[in-house]
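The values are calculated or read from the model by the stated rules, or taken from the named source; none is laboratory data. Computed from a predicted model, the values in this text were never measured in an experiment. In this analysis, Cβ positions are derived from the backbone assuming ideal geometry, glycine residues included, and neighbour counts consider all displayed protein chains.
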Amino acid sequence: MSQEDEPSPLYSIEQLDKAKHDRSGFSCGLEDLDQYLKRYANQDLERGVSTPYVLTKGDEPDIIGYYTLSNYLVDVEIFPAEVGDGLPYAQIPATLLGRLAVDQPHQGNRLGKTLLLNALKRSYEVAEDIASFSVVIDANEEAQGFYLHHGFQTFPEKEDKLYLPVKTIDEII
Ligand SMILES: CC(C)(COP(=O)(O)OP(=O)(O)OC[C@H]1O[C@@H](n2cnc3c(N)ncnc32)[C@H](O)[C@@H]1OP(=O)(O)O)[C@@H](O)C(=O)NCCC(=O)NCCS
């Protein structure tokens, strides 16, 4: 991660803590992403199905942005031949970047990019201990531009999913 993309000392990114972080005012423009943070993110954390990380400013409790990570299993056949070819498995381990969003008043200030690079760096570091072939994200058409802009690629026949091989993450961060 370049110095420019590290969270500035003003901001921090850490695991969601419902006693510390205020989710009530978060609004990114997509209702399902807002509702997920407010209603389900902490439940998923407690049940061990997804880990939410939140971006806050200084000592303020308000959540400005968030993303979630989970372990994932992907069918090898959905990768392009040149990427998945030669892997003698039907399914391979991956990391799911389930959601990523920035509060509307803060959009356009590189915080989405800061969150994405933080998620990629974390995924890369975890994959050194527990193998992961690729980071995968479900993204609607509108959000795809953001991920394509940052080096993700679409699967040939799964237009709602994008991927970034873990081995290429160090080139990006
Ligand atoms: C998509 C989103 C996360 C981007 O966050 P942001 O803080 O507004 O974006 P940033 O300021 O960090 O942008 C970083 C770079 O991405 C580019 N970018 C941002 N949104 C983009 C988009 N939709 N398509 C293409 N490029 C985009 C910016 O132009 C910028 O480019 P640069 O580095 O070359 O200058 C944010 O707009 C958002 O939360 N949207 C609603 C929720 C959503 O769609 N989430 C993704 C689906 S899970």
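At-a-glance table
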read-out	value
Selection from the range 89-119 of residues that are without any contact (Cβ under 8 Å) to a residue 60 or more places away in the chain and of a type in the set (A, V, I, L, M, F, W, C)	Ala90, Ile92, Leu96, Leu97, Leu100, Leu116
Contacts under 9 angstrom Cβ, first residue in the range 126-148 being assigned to a helix (DSSP H, G or I), partner charged (D, E, K, R) and within 7 Å of the ligand (Cβ to nearest atom), 6 or more apart	Phe146/Lys113
Residue that is farthest from the ligand (Cβ to nearest atom), among those in the range 115-145 that are more than 20 Å from Ser50 (Cα to Cα) and surrounded by 16 or more Cβ atoms within 10 Å (Cβ to Cβ)	Gln144
Val49, sole failed condition from (1) farther than 23 Å from Ser134 by Cβ; (2) without any contact (Cβ under 8 Å) to a residue 60 or more places away in the chain; (3) within 16 Å of the chain's Cα centre (by Cα)	(1)
Within the range 52-109, tally of residues that are within 16 Å of the ligand (Cβ to nearest atom), within 15 Å of Ser134 (Cβ to Cβ) and not aliphatic (A, V, I, L, M)	4
Boolean, Pro61 is under 10 Å from the mean Cα position of the chain (by Cα), modelled with pLDDT of 95 or more and not acidic (Asp, Glu)	no
Residues being more than 13 Å from the chain's Cα centre (by Cα) and aromatic (Phe, Trp, Tyr) - total across the range 114-145	1
Restricting the range 146-173 to residues that are under 15 Å from the mean Cα position of the chain (by Cα) and of a type in the set (Ser, Thr, Tyr), the residue that is nearest to the ligand (Cβ to nearest atom)	Tyr147
